[in-house]
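These notes are about the structure you will find just below.
The values are calculated or read from the model by the stated rules, or taken from the named source; none is laboratory data. Bear in mind that the values here come from a model prediction, so they are computed numbers and not experimental data. Every residue, glycine as well, gets a Cβ built from its backbone with ideal geometry; the counts of neighbours run over all protein chains shown.
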Amino acid sequence: MPPFAGKRILLGVSAGIAAYKSALIIRLLKQAGMEVRVVMTDGAQAFITPLTLQALSGEPVRTSLLDPGAEAGMGHIELARWADLILIAPGTADLMARLAHGMADDLLTTLCLASEAPRLMAPAMNQVMWRHPATQRNLEQLSRDGWQWVGPDAGDQACGDIGPGRMSEPEAVAEAVFKVFRPAQTSRSCHIVITAGPTREPLDPVRYLSNHSSGKMGYALAHAAARTGARVSLISGPVNLPTPAGVERFDVDSAAQMHSAAHRLAQGADIFIGCAAVVDFRAEAPAEHKIKKHQNEDSLTLILVKNPDIIADIAALPSASRPLVIGFAAETRDVEHYARDKLARKGLDMIVANDISQAGGVFGSDDNAAWLLWKTPDGQASESLPSQPKARLASDIIQRALDLLAFGETP
Ligand code: PMT
């Protein structure tokens, strides 16, 4: 029997050049045994015909709220109740805005308002429209209302622009649908090692080099991992946070101490997540006594040497003792470019990139957005997770890590 036999998907198609991808999405869902019914907005019909989607889904396509013939078959409230999942692909900026405001001015928005089913959207739009504060506000509102997301991807756009906003490929959208129905991964027998917070590199007995990491993201990951039932070892730089329940904590100060704790704990673990903001350089020879200001010297020269790359060393462990390795990247510009580079250079399986140039920042804040990039058997795949409380983002990242461990893939 196909894996998702009988699951009922209401596919909403709105007006975007990516509407053609909805045809392939229907095929993939049907191949997995799902029933698919399609609702198209007026604009969507300019990009692909209802007849095409009707032929592929094997069901009449609905386009209008006020169609007595169609309502006689299955009324819109009945259709809203019928769905096990509402999938919108592609989702335009306009549709997101209308849904964020609870409007019900056409059949698709009415169904979304009248249904209690889980909701998943694959946004598709020009990159400037995607980045616009109004769209980002709507994204946040819809996330709070329970919408889940697949994509958008970044890259070449139909309009000639390059950037985020391209609809995810049909395979990724179908996989995101399957994931909704797959039982959440638990990890009773799993050992997850996480680094969190900053490191401190002493210059003398009273001064050090460090950064603004508060440890909140790493601690949220440890909390989320422990909630799945995993054994969690948290290697923590100096932070002011309580240890999450069920987590074993190892306090360290410097990168060298974090390096040796990570080596000891990560060998043979299942997953290693490097969320710590490790200071890249340390003083070659920290002064034994407090460095004094001399009357006639206006500058001080420090010789710094490179710290070990903790995560790269874990990723280079022999395969028998190597965990799945997930890194973080905090970037102020060219986030995706640098994240791709770090994934390859450090030999990681997945990287979670955060844009720390955002208003409000990431260091110390309670919210974060992330762009995930991971290796697949055929290359790489990516996903954007919108700004949300670090606790919620952490649960998503842990779930994806467990999927990657269990299935070698994640939507
Ligand atoms: O702690 P918060 O205030 O909640 O903030 C969270 C965060 C911004 C610190 C976190 O989300 C984050 O992005 N952490 C990584 C920050 C970083 O400094 O990244 P990086 O680009 O320097 O390092 C890339 C990866 O290599 C990271 O997984 C890092 O842990 C690891 N690394 C870096 C240097 C080094 N010597 N050893 C390492 O293992």
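In the set Ala230, Ala277, Ala245, which member is away from the ligand (no atom under 15 Å from the Cβ) and buried (at least 22 other Cβ atoms within 10 Å of the Cβ)? Spell out how you get there, then give the answer.
On the way: Ala277 fails: away from the ligand (no atom under 15 Å from the Cβ); Ala245 fails: buried (at least 22 other Cβ atoms within 10 Å of the Cβ).
Residue meeting the stated conditions: Ala230.
Residue-by-condition table, conditions (1) more than 27 Å from Asp403 (Cα to Cα); (2) within 13 Å of the ligand (Cβ to nearest atom); (3) within 29 Å of the chain's Cα centre (by Cα):
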site	(1), (2), (3)
Gln257	yes, yes, no
Ala262	no, yes, yes
Ala266	no, yes, yes
His289	yes, no, no
Thr301	yes, no, no
Ala312	no, yes, yes
Qualifying residue in segment 168-182 (condition: out of contact with any Cys (no Cβ under 6 Å at 6 or more places or on another chain), within 30 Å of Ile26 (Cα to Cα), surrounded by 16 or more Cβ atoms within 10 Å (Cβ to Cβ) and of a type in the set (Phe, Trp, Tyr)): yes
Residue satisfying all of: in segment 362-382; of a type outside the set (Phe, Trp, Tyr), within 13 Å of the ligand (Cβ to nearest atom) and farther than 16 Å from Gly155 by Cβ; farthest from the chain's Cα centre (by Cα) among these: Gly364
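Residues are listed down the side, and each one gets a yes or a no for (1) touching an Asp or Glu at 6+ places or on another chain (Cβ under 6 Å); (2) at pLDDT 90 or above:
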site: Trp130; (1), (2): no, yes
site: Thr135; (1), (2): no, yes
site: Gln141; (1), (2): no, yes
site: Asp145; (1), (2): no, no
site: Pro152; (1), (2): no, no
site: Gln157; (1), (2): no, no
site: Ala172; (1), (2): no, no
site: Ser187; (1), (2): no, no
site: Cys190; (1), (2): yes, yes
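Are any of the residues in segment 302-309 part of a loop (DSSP other than H, G, I, E, B) and polar (S, T, N, Q)?
The initial filter retains those residues of segment 302-309 that are part of a loop (DSSP other than H, G, I, E, B), namely 302-303, 307-309.
Now drop any that are not polar (S, T, N, Q), which leaves 307.
Yes; the residues of segment 302-309 include at least one that is part of a loop (DSSP other than H, G, I, E, B) and polar (S, T, N, Q).
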Strands (runs of 3 or more DSSP E) within segment 131-196 that include 2 or more residues farther than 22 Å from Ser357 by Cβ and outside the structural domain of Ile235 (by TED's automatic domain parsing): 147-149
Near pairs, Cβ below 8 angstrom, 6+ apart or cross-chain, from segment 243-254 (free of Cβ contacts under 8 Å to residues at least 40 places away in the same chain and of a type in the set (Phe, Trp, Tyr)) to any residue that is surrounded by 16 or more Cβ atoms within 10 Å (Cβ to Cβ) and in a strand (DSSP E or B): Phe250/Ser233; Phe250/Leu234; Phe250/Ile235; Phe250/Ser236
Segment 323-340, residues that are touching a residue at least 24 places away in the same chain (Cβ under 8 Å) and assigned to a helix (DSSP H, G or I): Val335, Glu336, Ala339, Arg340
Any chance Gly268 is touching a helix residue (DSSP H, G or I) at 6+ places or on another chain (Cβ under 9 Å), of a type in the set (Gly, Ala, Ser) and in contact (Cβ under 8 Å) with a residue 40 or more places away in the chain: no
Residues (touching a residue at least 24 places away in the same chain (Cβ under 8 Å) and hydrophobic (A, V, I, L, M, F, W, C)) located in segment 272-290: Phe272, Ile273, Cys275, Ala276, Ala277, Val278, Val279, Phe281, Ala283, Ala287
Which numbered condition Leu95 misses (of (1) farther than 14 Å from Ser115 by Cβ; (2) free of Cβ contacts under 8 Å to residues at least 60 places away in the same chain; (3) buried (at least 16 other Cβ atoms within 10 Å of the Cβ)): (2)
Answer from Lys346, Lys390 - the residue that is touching a Lys or Arg at 6+ places or on another chain (Cβ under 9 Å), basic (Lys, Arg) and within 13 Å of the ligand (Cβ to nearest atom): Lys390
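Yes/no per residue for (1) at pLDDT 85 or above; (2) crowded, with 18+ Cβ neighbours inside 10 Å; (3) not in a strand (DSSP E or B):
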position	(1), (2), (3)
Gly364	yes, no, yes
Ala370	yes, yes, no
Ile397	yes, yes, yes
Pro411	no, yes, yes
